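Below: the structure, in C-alpha cells.
Laboratory data are not the source of any read-out in this text; all were calculated from the coordinates shown. Keep in mind that what you see is a predicted model, and the values were worked out from it rather than measured. FYI the Cβ positions are ideal-geometry reconstructions off the backbone, even for glycines, and counts take in every protein chain you see.
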Amino acid sequence: MSRFLAVSALRVAVVLSLFDPLMAADWRIQRAVQEARTPPLEGVMRTATDAGRREIVLGLLLGVALLSGPAGPATAREALFALVPANLVVDGIKWSVRRTRPDGDRKPGNSSFPSGHAAGAFALAMTLSRRWRKLAPVFFLAAGLVAFSRIYLNRHFASDVLVGAMIGLAIAWYVGMRFRKETLEAHVAGGG
C-alpha cells in the first residue's frame, strides 16, 4: 500500500510540476497586459466584455431568429444548442478548479478557469460563421476581442481564455455537425 501511495504522490507531483511553466507564463502575460493598459482602450474593452453577457447574446440570437430570413430560427437554435452546453461545461470546471482570478476574486462559482466569455464568444462565432461564411473573419475577430478584454480587464489569465475558446469551438463544431447530419437526413427522408 505504501508503494502505491508513493507512486501516486510522485505522479501528482509530476503533473503539478507541468503546470508551473504555464502559471508563470500566465502571470508574465497578465503583468505585460496590465502595464500596457491605456485610458482610450478602457471603454472599448468594457464594451467588448459587456457584449459577451448572456442577455446581450440572447438579444442578438432573437434578432437572428426574427430578422435574418427563413434560416434565422435554425441558426439561433443551433447557437443555443452550442452555448448552453458550453456554459455548463465551463461552470462545472470553474466549480472543480476554483482558480482565483487575477484581480483576487475567489468566489468558487465565479472562478477564473476557464473563461465563460471566451467559450460563448467562440461558440457563437463558429455557429454564425457557418451561416454567413464571408463574415467569418469578423465573427472570429469579435470573439477574439471579447476574449482579450477579459485579460485586459484583469478578470482572466491567458490560459483561462484559451481553454474557454477551445471549449466553445469544440462544442459548437460538434453541434454544427449534428445539425448538418439531421438536416441532411430530413432532406433525404423528405425525398429532396
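Report relative contact order for the stretch 70-156 in percent, whole number only (criteria: Cα-Cα under 8 Å, sequence separation at least 6).
Answer for the stretch 70-156 is 29 percent.
Please list, in order along the stretch 61-66, the HN-Hα scalar couplings obtained from phi with the Karplus expression 6.51 cos²θ - 1.76 cosθ + 1.60 (θ = phi - 60°), rounded to whole Hz, x for Gly and Pro.
Whole-Hz 3J(HN,Hα) from phi for the stretch 61-66: 5, 5, x, 4, 5, 8.
Once you have the Kirkwood Rh of the stretch 57-185 from its Cα pairs, apply Stokes-Einstein at 10 °C and 1.306 mPa s and quote D in µm²/s.
The estimated diffusion coefficient comes to 107 µm²/s.
Give the calculated FRET efficiency between TRP173 and ARG106 to the nearest 0.05, with a Förster radius of 35 Å applied to their Cβ-Cβ distance.
Approximately 0.60, to the nearest 0.05.
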